[in-house]
Amino acid sequence: MFGLGPRKRPSRKGTGSFVDVPQDLLKEIEQLERHFTVDIAKLKQITNHFVEELEKGLSMEGGSIPMNPTWVMSFPTGYETGTYLALDMGGTNLRVCEITLTEQKSEFDIIQSKYRMPEELKTGEADELWEYIADCLSQFIETHHGDTSKLDKLPLGFTFSYPATQHYVDEGVLQRWTKGFDIAGVEGHNVVPMFEAALAQRGVPIKLTALINDTTGTLIASAYTDTKMKIGCIFGTGCNAAYMENCGSIPKLAHMNLPPDTPMAINCEWGAFDNEHKVLPRTPYDIIIDKDSPRPGQQAFEKMIAGLYLGEVFRLVLVDLHDNHETHIFAGQDISKLRKAYSLDSSFLSAIEEDPFENLSETFELFQNKLNISPSHPELELIRRTAELIGTRAARLSACGVAAISKKKGYETCHVGADGSVFNKYPHFKERGAQALREILDWPEKADPKDDDPIEILAAEDGSGVGAALIAALTLQRVKDGNMHGILHPENFK
Ligand code: GLC
């Protein structure tokens, strides 16, 4: 049974059945199962290749996974203190927080405001993006601090969750846009001066202390409250992880002569895993997604897992089954709404997987309301199975990344802090990921179902808020202690 995806439907009332599904449609379902099922042998093969690719990314030559050193050089102790600003430039929202790390161990206070990230900005002009961000920050500070003329500059941790080479903790050269962003003139450039220029123009009293990836923030925030946390992951619009490496195991940093046992957090940017298409079981649908994306050939792993793409894979399957197969699903119906690229997001899939009714009546309504399509009952069964297959594949593949880091580091037991809309909201994602980890790492069946797994993926602390504040605090502290490695602007640390 392992590796075949969930045949039982834990969330559905009644058993659900394919008895009234005609033969031709059943054949289509079986074909989809062959396309989307990742069995144990494949999971293990992917994981082993992943370990090699992690190593390659750290080597002098580099590989397709960037493995970016972040200059975060310790875990928090829990005793960090101070007040910091944190800015998170995500795909949907812009979040600004003020975080106070209190005297009490591992405790903090937080105030925050969310601003919508206008869709047009994601593919517009660079200046407009930076100006919008500076305006939001300025508004936040005015609301919470009133007259800013006498205010000391506040230290800021800026969570910029795109692949960026960091020669310094306060610098980041964007390697390429991911998650559907496509703004000219930013790739290949250091984003910090662009951002600082917009702040300076408005006189916003902020000094940038650290540029941070959301995964690194997640790792550090989670380790603040749980010292067993060794890996931080995001399963959201994008998909990525960070973990703590030793400088001695990072050949591409050898020229810095850092003590070999000094820790260094690595932002893996594992979304780029297998851009060469050596091991991932890509379906024709994955190939279309890649071809039609703003950056074809990039983020091969991410495109099979992340929230941005799950709904699109699903949509492509349905359009294909309408147009190109012997059984034309939704025959005679107008599927023009379904033809619109990226019109279904992963919450659509979640809703299908969550439909509790034997007759899938909620799914039927979803299709009617959103797409103007009235699926037959057998078609509803196919729809449900397709959603399960896509969601299960995403969870199982993402477990390969976690297993690979654990194997590389020799972690037999640890906690993994995870965040992101897919992890938090997609039904069964956690259980499916845990099951895949068990298969990859050959854990014996639990004696008691309540027992913990040796490696557990748990809900993380707030990485882009508390994590960013902690990284700012850790950086200020180490500068104070005289560790100036990877500091570009010492004047910002006084
Ligand atoms: C994309 C970004 C990466 C980020 C991830 C999760 O993969 O490239 O930097 O960590 O999405 O948000």
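The values are calculated or read from the model by the stated rules, or taken from the named source; none is laboratory data. Quantities reported herein were computed from a predicted structural model and do not represent experimental measurements. Cβ atoms come from the backbone with ideal geometry, glycine included; neighbour counts cover every protein chain shown. Areas reflect the complete protein model, heavy atoms only, side chains present, ligands, DNA and RNA absent. Shrake-Rupley method; radii C 1.70, N 1.55, O 1.52, S 1.80 Å.
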Expected vector for segment 373-381, Karplus 3J(HN,Hα) from phi with 6.51, -1.76, 1.60 and θ = phi - 60°, integer Hz, x for Gly and Pro, equals 10, 10, x, 6, 4, x, 5, 4, 4
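Per DSSP helix of 4 or more residues, -39500 (n - 2.57); summed, then divided by the residues of the chain. What does that give at 222 nm, rounded to the nearest 500?
Values: 14 runs with 184 residues, N = 494.
Mean residue ellipticity at 222 nm (helix-derived): -12000 deg cm²/dmol.
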Under 17 Å by backbone N from the virtual spin label 7 Å along Cα-to-Cβ at H144, the residues of segment 175-206 are 204-206
Quick calc, E61 & K480: beta-carbon distance into FRET formula, R0 30 Å, rounding 0.05, result 0.25
With the 8 Å Cα cutoff and a minimum separation of six or more residues, the chain has a relative contact order in percent of 23 percent
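Could you do me a favour and compute the accessible area per residue for segment 56-150, 1.4 Å probe, result in Å²?
Numbers: 4570 Å² over 95 residues.
Each residue of segment 56-150 exposes 48 Å² on average to a 1.4 Å probe.
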Charge tally for neighbours of L94 with beta carbon under 12 Å away, counting Lys, Arg as +1 and Asp, Glu as -1, is +2
Mean Cβ-within-10 Å packing, highest first, puts peptides 221-227, 460-466 in the order 460-466, 221-227
Ordering 18-28, 276-286 by per-residue average of other C-beta atoms within 10 angstrom, highest first, gives 276-286, 18-28
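Does segment 353-494 come out rounded, prolate or oblate, given a ≥ b ≥ c as the square roots of the eigenvalues of its C-alpha gyration tensor, rounded meaning a/c under 1.5 and, failing that, prolate meaning a/b above b/c?
Working: a/c = 3.47, a/b = 1.79, b/c = 1.94.
Since a/c reaches 1.5 but b/c is at least a/b, the shape of segment 353-494 is classed as oblate.
Mind ranking 153-164, 45-56, 208-219 by how tightly packed they are, going by the mean number of other C-beta atoms within 10 angstrom, highest first?
Details: 153-164: 23.0, 45-56: 19.2, 208-219: 31.4.
Per-residue mean Cβ counts within 10 Å order the peptides as 208-219, 153-164, 45-56.
Please state, rounded to one decimal and in Å, the Kirkwood hydrodynamic radius that the chain gives when every pair of distinct Cα atoms enters the mean of 1/r. It would help to have the intermediate numbers written out before the result.
Details: mean 1/r = 0.0422 Å⁻¹.
For the chain, the Kirkwood estimate is 23.7 Å.
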Counting sequence-distant residues (5 or more places) and residues on other chains, those with an amide H built under 5 Å from that of G90 are R95
Counting only protein heavy atoms and rolling a 1.4 Å probe, one gets per residue an accessible area for segment 335-494 in Å² of 40 Å²
So the angle from the long Cα axis of helix 307-323 to the longest Cα principal axis of the chain, reported in degrees to the nearest 10, equals 20 degrees
Amide H proximity to F108 below 5 Å, modelled H, separation 5+ or other chain, gives T102
The size of the Cβ-based charge dipole (Lys, Arg +1; Asp, Glu -1) of segment 370-494 about the Cα centre, to the nearest 20 debye, is 420 debye
Computed for the chain: size of charge dipole around the Cα centre, +1 on C-beta of each Lys and Arg, -1 on C-beta of each Asp and Glu, debye to nearest 20, value 500 debye
Computed about the Cα centre, the charge dipole of segment 242-312 from +1 Lys/Arg and -1 Asp/Glu charges at the Cβ has a magnitude in debye, to the nearest 20, of 120 debye
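Pull up the DSSP beta bridges for the chain and report the antiparallel fraction as a percent, rounded to 5. Could you put the intermediate results ahead of the total?
Numbers: 32 of 53 bridges.
In the chain, DSSP labels about 60 percent of beta bridges as antiparallel.
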Counting only residues 5 or more apart in sequence or on a different chain, those whose built amide H sits under 5 Å from that of I231 are G417
Projected onto the charge dipole of the chain (unit charges on the beta-carbon of Lys, Arg, Asp and Glu, signs +1, +1, -1, -1), the Cα from T102, S406, S113 with the largest positive-side position is that of S406
Dipole check, segment 206-339, charges on Cβ (K,R +1; D,E -1), about Cα centroid: among I266, L208, I335 the Cα furthest to the positive pole belongs to L208
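Are there chymotrypsin sites (Phe, Trp or Tyr not before Pro) in segment 325-388 that DSSP puts in a loop and that have at most 14 other Cβ atoms within 10 Å, and which ones?
Values: sites: F330, Y342, F348, F357, F364, F367; in loops: F330, Y342, F357.
In loop regions of segment 325-388 (DSSP not H, G, I, E or B), the sparsely surrounded chymotrypsin sites (Phe, Trp or Tyr not before Pro) are Y342, F357.
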Of the accessible area of the chain, computed with a 1.4 Å probe and all protein chains kept, carbon and sulfur make up a percent value of 51 percent
Inter-part gap, Cα centre of segment 245-271 to Cα centre of segment 411-454, in whole angstrom, is 27 Å
